[in-house]
1. Name the helices (runs of 4 or more DSSP H) wholly within the range 190-308 that hold at least 2 residues that are of a type in the set (Asp, Glu) and either modelled with pLDDT of 90 or more or over 26 Å from the mean Cα position of the chain (by Cα) (or both)?
2. Which residues, counting only those in the range 149-173, are touching a helix residue (DSSP H, G or I) at 6+ places or on another chain (Cβ under 6 Å), closer than 18 Å to Phe45 by Cβ and of a type in the set (Phe, Trp, Tyr)?
3. Give me the pairs, please: first residue somewhere in the range 300-311 and free of Cβ contacts under 8 Å to residues at least 24 places away in the same chain and under 12 Å from His236 (Cα atoms), second residue anywhere and surrounded by 19 or more Cβ atoms within 10 Å (Cβ to Cβ) and not small (Gly, Ala, Ser), beta-carbon distance under 6 Å, and either six or more positions apart or on two chains.
4. Looking at the range 273-309 only, could you name the residues that are surrounded by fewer than 17 Cβ atoms within 10 Å (Cβ to Cβ) and aromatic (Phe, Trp, Tyr)?
5. Quick check: anything in the range 163-179 assigned to a helix (DSSP H, G or I) and at pLDDT below 95?
6. Being touching a Gly at 6+ places or on another chain (Cβ under 6 Å) and more than 24 Å from Arg166 (Cβ to Cβ) is the filter here, so list the residues in the range 243-274 that pass it.
7. With the requirement that a residue be touching an Asp or Glu at 6+ places or on another chain (Cβ under 9 Å), assigned to a loop (DSSP other than H, G, I, E, B) and surrounded by 14 or more Cβ atoms within 10 Å (Cβ to Cβ), what does the range 71-114 give you?
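The values are calculated or read from the model by the stated rules, or taken from the named source; none is laboratory data. This structure is a prediction, so every number in the text was calculated from the model and none was measured. Ideal geometry is used to build each Cβ from the backbone, glycine not excepted, and the neighbour counts take in all protein chains shown.
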Amino acid sequence: MKDPVETRADDSEDLYDIADWEPRTALDRLAIRTYRGILRAGRRFVVALGVFILLVILAVSGAGGLIIDDPFILGLAAFSAVPAGVLALYIYRTDITTREPPGLLLATFVLSVLFAGFAAIINTVFGFVQLFPLVGIVLFFYLVVGPVEESVKLLAVWLYPYRDSRFDSVVDGAVYGAMAGLGFAAIENVLYITQNLQTPASVLLQTSGGLVGGVTETIQAGGQIAAVRGLAGPGHVVYSAFAGYYLGLAKFNRENAGPIVAKGLLIAAFIHATYNTLVGLVPGLVSLLVPGVPVLVLFFGFVVVYQGVFLYILYRKLKRYEAAYRQAHEGAERASEFEVEKTEFDPATR
């Protein structure tokens, strides 16, 4: 889009600082450096704020102290993150273009861990939505939890890897989105497990007779919630892989970047909120139809089926990209095979 003056002006006219602009003077270059400095400072502030909020949450919730007293909790958290990690690894390996640098993947993971605190604060502030009769909890999932958590995970991708030149294909967005989902699931698992453990390791060691007893008691106390979180974690990977894919699509379609990012967030937030809504209802309702089957078994079944459906949809989307990529490159290779060097006997191309 051009200004009316620039549209009608002759190409020979100099419209610098009138209807066009480019860096020419020292002040222009200072303006560019100032702008970039503000952006860098803003990103660093967001990261620092994320660190601060996460530390406060760990301190206030008691999770930090419990982890210090009982480091085996981190082992349970790591165990619970294995399914999500395997899924993130699978999405990473579906990238047919180039392998993403480990440094960028690790940075995305860490940023998502840090930014989970933003989601915790916002979810708490708007927790009053749950007080609305009948539909309060559903509104809370669809208007708060889903959009907020998917946004902070996407923020981890946008803040760093998205701006890197090595983020060079649409499918890279799904890879980094999956890594952000893994980071969010990891810290969420830590918080859930610590909330469900009542006895710190110092007490366990005294009552159970040594280090082995402490490990055993910790596993017994937190094993069930770790297993539950192990099934819930892959959902975060799937949701944010969808949002990340559309962020990648937006990077290469700048004229419609905003709506494309919004579409990805709407999809991810809807899948996320629907899961949160149904996971507390469906297993109980099914247990009424099939009495005798433990609700926990039905819960596991629902999670596997629900997440499996959307994982398959994501799989199809990634496969479509792979097919398009192969077709484009095979076409280019076939065209190059027919290109031969011209000689003096060949007619000139007009």
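1. In the range 190-308, there are no helices (runs of 4 or more DSSP H) which contain 2 or more residues that are of a type in the set (Asp, Glu) and either modelled with pLDDT of 90 or more or over 26 Å from the mean Cα position of the chain (by Cα) (or both).
2. Tyr160
3. Qualifying pairs under 6 Å: none.
4. Of everything in the range 273-309, just one residue is surrounded by fewer than 17 Cβ atoms within 10 Å (Cβ to Cβ) and aromatic (Phe, Trp, Tyr), namely Phe300.
5. Step one: filter the range 163-179 for residues assigned to a helix (DSSP H, G or I), giving 163, 170-179.
The next check asks that each one be at pLDDT below 95; those that pass are 163.
Looking through the range 163-179, at least one residue is assigned to a helix (DSSP H, G or I) and at pLDDT below 95.
6. Those that are touching a Gly at 6+ places or on another chain (Cβ under 6 Å) and more than 24 Å from Arg166 (Cβ to Cβ): Ala269, His272, Ala273.
7. Thr94, Asp95, Ile96, Thr97, Glu100, listed by residue number.
Conditions tested, residue by residue: (1) in contact with a helix residue (DSSP H, G or I) (Cβ under 7 Å, 6 or more places away or on another chain); (2) surrounded by 11 or more Cβ atoms within 10 Å (Cβ to Cβ); (3) modelled with pLDDT of 90 or more; (4) assigned to a loop (DSSP other than H, G, I, E, B).
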site	(1), (2), (3), (4)
Leu311	yes, yes, yes, no
Leu314	yes, yes, yes, no
Arg320	no, no, yes, no
Tyr325	no, yes, yes, no
Ala328	no, no, no, no
Ala332	no, no, no, no
Glu341	no, no, no, yes
Phe345	no, no, no, yes
Ala348	no, no, no, yes
